[in-house]
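Working notes, structure below.
The values are calculated or read from the model by the stated rules, or taken from the named source; none is laboratory data. Everything quoted here is computed from the prediction, not taken from an experiment. Cβ coordinates were reconstructed from backbone atoms using ideal geometry, including for glycine residues, and neighbour counts include every protein chain displayed. SASA here: full protein model, heavy atoms, side chains in, ligands and nucleic acids out. Shrake-Rupley method; radii C 1.70, N 1.55, O 1.52, S 1.80 Å.
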Amino acid sequence: MQYYKPDGPYFVGDCMPFYHDGVFRLYYLLDENHHTSRGWLGNHQWAQASSPDLVHWTHHGLTIPITADWEGSICTGSVFHHKGTYYAFYSTRMADASQHVSLAVSSDGVNFSKTSPNPLISPPAGYHTFSFRDPCVFRDDATGVFHMLVTSQRVGCGVPRYNGCLAHLSSADFKTWSFEEPFLFPGYCGQDPECPEHFYWNGWYYLLFGIDAMARYRMSRSPLGPWICPPVDVLEGTYARVMKTAPYRDNRRIGVAFVASREGGRDDGQLMWAGNAVFRELVQHADGTLGVKFVPEMMPIEGDPLAMRFSALTAGARGDGMAVVLDSSSAFEVAALDAVPNDARITMRVHPQVGARHFGLRLRGFGRYETGYDLSFRPVERTVELHNQSIACVEGLDRPFDLDIVMRGDIIDVCIDRRRCLVNRLGQLRGSRLFFFSHNGRVRFEGIETR
């Protein structure tokens, strides 16, 4: 399921993972034509795949399909299990593009029936009619009160274009819902906090939401806040879109997003809505802040390590097929490994020496460093860049760190030290050389394995 895409002209849209009774379920929006179907309403429907172990998966087809003409799209939501019943709260986009909260129920988590009346909740006065979606339900165990968060906008209040919010409803009986004051105004210009999620994990409450489709989070010691914005409040780069998470056995937490497709398959093509699923395991640091890493059970099937041929392209490069040393204290040094498959997993440990400023790899390279996709590390700036995508505030790049890279089709996926990830779509270049480079610094790459 890692990097999964349905057959034919279909794609994975917003993902809604859920775990209960030993089964991990991935509910997701089945997309066709990148959100343009049905007059740009989306024409989405919920599909599902489930697994007991994240390795063996069963596809269940459509879980919540469109069944009425007025349903322009079955949009994102969340699942909540209560007293033996699975409740799927979702948003419905109608033919006039207005958005409403709807509900379907199930006894097994697979076969859902829409309730009546549907929609269940519509935006009241003071909320934008065309922004009322992505419901998320949680229960405050201390009070027994149920809470619902809905992506929305307040109308006619606050600073214009900064009024995107999470609408807040509460219920004592899980049947009658009353509006409260908005739960959060995150304060991003022209952006509504999409696909919210609320969960508790090891002493902290977390609130996730997407801004421009990139997952951000807040943290608190109380289920209703106040919410702290951590120094690094993003879980991934911009290509892992609207990540949502679910608990998993042994106190783990698994996140799922979609890797956006590119128009025309070009490296510089416009990002399209929907693409392939990408799974992450959340990492919780001692201070409660979060990171992400690859999910061990979900690594692609791989063969034995390949015997690689080493080539030094500059005088300050030396090594072999398993280790490369670049001494570029006042120059630019490059080495290469040859005959690297386009689909491969590459692992190593990187040892930057004191003062190393810019180093990395060039993936799918060609010639004498003419082309390829640069994976660059800049310890002073604390940035990692993969071609045209980057993540900031990456600590520890001036110390030894592990590096894990998966290249599969047009997806290149990187995990840095099992705590930060960066994925990109890069399919046009197909060179077979793996370059190592360093500019103004000494770096050692060791334990290199290519499979």
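Scanning region 281-318 for residues that are closer than 19 Å to Arg216 by Cβ, in contact with a Leu (Cβ under 7 Å, 6 or more places away or on another chain) and not polar (S, T, N, Q) returns Leu282, Val283, Leu290, Val292. If only residues of region 5-35 that are assigned to a loop (DSSP other than H, G, I, E, B) and farther than 22 Å from Arg408 by Cα are counted, the one that is most open to solvent (accessible area, probe 1.4 Å) is Asp21. Regarding Ser113, is this residue open to solvent by 20 Å² or more (accessible area, probe 1.4 Å), over 18 Å from His168 (Cβ atoms) and touching a Gly at 6+ places or on another chain (Cβ under 8 Å)? Answer is no for this residue.
Say whether the condition of being assigned to a strand (DSSP E or B), open to solvent by 30 Å² or more (accessible area, probe 1.4 Å), touching a residue at least 12 places away in the same chain (Cβ under 8 Å) and touching a Cys at 6+ places or on another chain (Cβ under 6 Å) is met by at least one residue in region 83-90.
Just the residues of region 83-90 that are assigned to a strand (DSSP E or B), to begin with: 85-90.
This time we only want the ones that are open to solvent by 30 Å² or more (accessible area, probe 1.4 Å), so: 85, 87.
When the remaining residues are screened for being touching a residue at least 12 places away in the same chain (Cβ under 8 Å), the result is 85, 87.
After this cut, where a residue has to be touching a Cys at 6+ places or on another chain (Cβ under 6 Å) as well, the list is none.
There is no residue in region 83-90 that is assigned to a strand (DSSP E or B), open to solvent by 30 Å² or more (accessible area, probe 1.4 Å), touching a residue at least 12 places away in the same chain (Cβ under 8 Å) and touching a Cys at 6+ places or on another chain (Cβ under 6 Å).
The number of residues in region 158-174 that are closer than 24 Å to Arg216 by Cα and open to solvent by 50 Å² or more (accessible area, probe 1.4 Å) comes to 5.
Where strands (runs of 3 or more DSSP E) fall wholly inside region 374-451, the ranges with 3 or more residues that are surrounded by fewer than 18 Cβ atoms within 10 Å (Cβ to Cβ) are 433-450.
Scanning region 69-95 for residues that are over 25 Å from the mean Cα position of the chain (by Cα) and modelled with pLDDT of 95 or more, we see that the one that is farthest from Trp177 (Cα to Cα) is Gly72. Beta carbons closer than 7 Å, at least 6 apart along the sequence or on distinct chains, pair a first residue in region 242-253 that is of a type outside the set (A, V, I, L, M, F, W, C) with a second that is at pLDDT 95 or above and open to solvent by 50 Å² or more (accessible area, probe 1.4 Å) for Pro247/Tyr19; Tyr248/Tyr19; Arg253/Pro247. State which residue is farthest from the chain's Cα centre (by Cα) when the search covers only region 1-35 and only residues that are among the small types (Gly, Ala, Ser) and farther than 16 Å from Tyr86 by Cα. By that ranking, first place goes to Gly8. Please tell me if His56 is modelled with pLDDT of 95 or more and either of a type in the set (Val, Ile, Thr) or under 17 Å from Lys244 (Cβ atoms) (or both). Judged against the criteria, His56 is not a match. For region 49-66, the candidate set comprises residues that are of a type in the set (A, V, I, L, M) and farther than 18 Å from Asn276 by Cα; within that set, the residue that is surrounded by the fewest Cβ atoms within 10 Å (Cβ to Cβ) is Ile66. One residue stands out among those in region 126-154 that are more than 13 Å from Leu184 (Cβ to Cβ) and polar (S, T, N, Q): the one that is least open to solvent (accessible area, probe 1.4 Å), which is Ser131.
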